[in-house]
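Reviewing the structure listed below.
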Amino acid sequence: MADYKVDFQELKSKVGIDDVAYELGYRLDRKAGVGRYIEMALGDGKEKRDAIIICNPHDKAAQRFFRRDGSKGDVVALIRENLHAFHVSGKNDWQKIAKVLARFAHMPEPEYREDFEYIKSAGHTKDFDSTRYVVKPINPDKIPAIFDQRGLSDETVRTFAPFIRLIRDKKNENFDGYNIGFPYTNGENDKVRGYEIRGYGGYKSKAAGSDSSTSAWVADLSGGYPNIVKHVIFCESAFDAMAFYQLNRKQLGKNIVLVSLGGTFSDAQITSVMNRYPEARPFDCFDNDQAGRVYGLRMLSLLEHIPMNINRTEDGLLVVEAKNRSVALEADRPFRVQLQEQLSSRYKVRQWLPPKAFKDWNDCLLNRPMEIKADKLKQDQINNLAERRNAGPKL
């Protein structure tokens, strides 16, 4: 089996120096101004440990950085300087850098011959084995820095501390430290059935054998009284759920539950959670990208008992077929509102989406808006939608 071919130029076009710097704990120095250059600092005041000036902040592929001491480089150079912070394995620095870039680009990590051989020899883990992991609680007086890097306050972490663990995989020979573990349960009892795992450098995974079919991370802030829970907040990750809470806690109260599906969607994940909270209203708080909107539609279909076929057209539009109607959904308007107009339904499932400028709630908390993509593609979608509307009365 040949080694995975890594296209560094493609990866670099998707990952900005600012993306990596944010993950390492750097923050924008607003006093330095924002324009063709931005300055990002690690620490502040007397504790400032490093500062980098980034050119072309709006063009990831063209970004370069320099320091006042004369050192300079691209995103690969910044990653290489800080490889120790990303906890990746590889035969050499280039393999490790490729894996880090792939994580930031949300692309499959490059796998090499020895990795495939290891997977083959290890076999498939069917069930979650709790004895494989060393688990301990979060110390509220020594909160890991990764939460601060995600913009999460100590107060927020302490609120969720009963639902978070530090977790170490005893079988991982390349990393013997602890990551953050968000325990999965399915509502039948308190038994842990897996973990959503997050670590430094954008590391994300799930514990081997985790039950992603019927279990999810469920943070019940009601004190364990399911009948008084009013709202169940569904997010794609635990960090998103915590960010949502931090941004909106003044409106939420305590009789709420926050849920992470861990980047997957299973019907039984949703129903097992809602069965625990019979008086609660579910909220779609998924991401603002198309995958997140599909999650929201699937949840709506499931909980409102409206069979739907959800299709994606060649030009990227979503088309929903339900109740003998076909509805082409406009990307710039809430899908639930459009369906309500076309299908004449009033839904129990509500939406509380991130502001339009942000992909998810954690990016909103960090004030990291999405890049504006090609206007031409958007105009093409508008034109195609207009043609569909004029084609007949089905729409």
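Derivation of every value follows stated rules applied to the coordinates shown; laboratory data play no part. As the structure is a prediction and not an experimental result, all values here were calculated from the model. Note that we place each Cβ from the backbone using ideal geometry, even for glycine, and neighbour counts take in every protein chain shown.
For the residue pair Y37 and R132, what label-to-label distance in nm results when each label sits 7 Å from Cα along the Cα-to-beta-carbon direction?
4.9
Taking the chain as a Gaussian network, Cα atoms linked when under 10 Å apart, which of N324, N309, N248 shows the biggest mean-square fluctuation?
In the Gaussian network model the winner is N324.
Suppose R0 equals 25 Å. What FRET efficiency, 1/(1 + (r/R0)^6) with r the Cβ-Cβ distance, do N367 and E330 give to the nearest 0.05?
Values: r = 27 Å, r/R0 = 1.07.
About 0.40, to the nearest 0.05.
By how many nm would the segment from S13 to F66 grow when fully extended, if each residue of separation counts as 0.36 nm and the alpha-carbon distance is taken off?
Details: separation 53, 0.36 × 53 = 19.08 nm, distance 1.87 nm.
Gain on stretching S13 to F66: 17.2 nm.
Provide the gained length on full extension for the span N248 to N189, in nm with one decimal, where the gain is 0.36 nm per separating residue minus the Cα-Cα distance. Show your work: numbers first, answer last.
Numbers: separation 59, 0.36 × 59 = 21.24 nm, distance 2.95 nm.
Working it through step by step, the gained length comes to 18.3 nm.
Past 24 Å, Cα to Cα: identify those pairs from K204/K250; K60/K206; K142/K356; K99/K171; K230/K250; K72/K356, in the order given. Write down the numbers at each step before the final one.
On the way: K204/K250 30 Å; K60/K206 29 Å; K142/K356 35 Å; K99/K171 20 Å; K230/K250 15 Å; K72/K356 35 Å.
The answer is K204/K250; K60/K206; K142/K356; K72/K356.
What does the charge count around S205 come to, taking other residues whose C-beta lies under 10 Å from its C-beta (Lys +1, Arg +1, Asp -1, Glu -1)?
Working: positive: R198, K204, K206; negative: D169, E196.
Local charge sum for S205: +1.
Which is farthest toward the positive dipole end of the chain among V88, S326, I310, measuring Cα position about the Cα centre, with Cβ charges +1 (Lys, Arg) and -1 (Asp, Glu)?
S326
Please list 3J(HN,Hα) in residue order for segment 299-305, calculated via the Karplus relation 6.51 cos²θ - 1.76 cosθ + 1.60 where θ = phi - 60°; whole Hz, with x for glycine and proline.
After applying 6.51 cos²θ - 1.76 cosθ + 1.60, I find 5, 4, 4, 5, 7, 9, 6 Hz.
Which FRET efficiency, nearest 0.05, do H106 and R312 yield, Cβ-Cβ r, R0 22 Å?
For R0 = 22 Å, the calculated efficiency reads 0.75.
Under the Karplus relation 6.51 cos²θ - 1.76 cosθ + 1.60, θ = phi - 60°, what is the ordered set of whole-Hz ³J(HN,Hα) values for segment 156-168, x standing for Gly and Pro?
Listing the rounded values in order: 5, 4, 5, 4, 9, 3, x, 10, 10, 10, 8, 9, 10 Hz.
Please report the Cα spread of segment 119-253 along all three principal axes, rounded to whole Å, starting with the longest.
51, 33, 23
Order these peptides, 219-228, 184-193, by their mean beta-carbon neighbour count within 10 angstrom, highest first. Numbers along the way, then the final one.
Details: 219-228: 13.9, 184-193: 16.4.
In decreasing order of mean packing, 219-228, 184-193 become 184-193, 219-228.
For segment 267-285 and segment 208-264, what is the separation of their C-alpha centers, rounded to whole Å?
Centre-to-centre distance over Cα atoms comes out at 10 Å.
What is the extension gain from N92 to Q290, computed as 0.36 nm multiplied by their sequence separation minus the C-alpha to C-alpha distance, in nm to one decimal?
Working: separation 198, 0.36 × 198 = 71.28 nm, distance 3.64 nm.
Here the answer is 67.6 nm.
Evaluate the relative contact order of the chain (contact order divided by residue number), counting alpha-carbon pairs under 8 angstrom at least 6 apart; express in whole percent.
Details: 657 pairs, mean separation 40.5, N = 395.
Contact order relative to length: 10 percent.
Once you compute Rg and the Kirkwood Rh from C-alpha atoms, what is the Rg to Rh ratio for the chain? Write out the running numbers ahead of the final one.
On the way: Rg = 22.5 Å, Rh = 23.2 Å.
Answer for the chain: 0.97.
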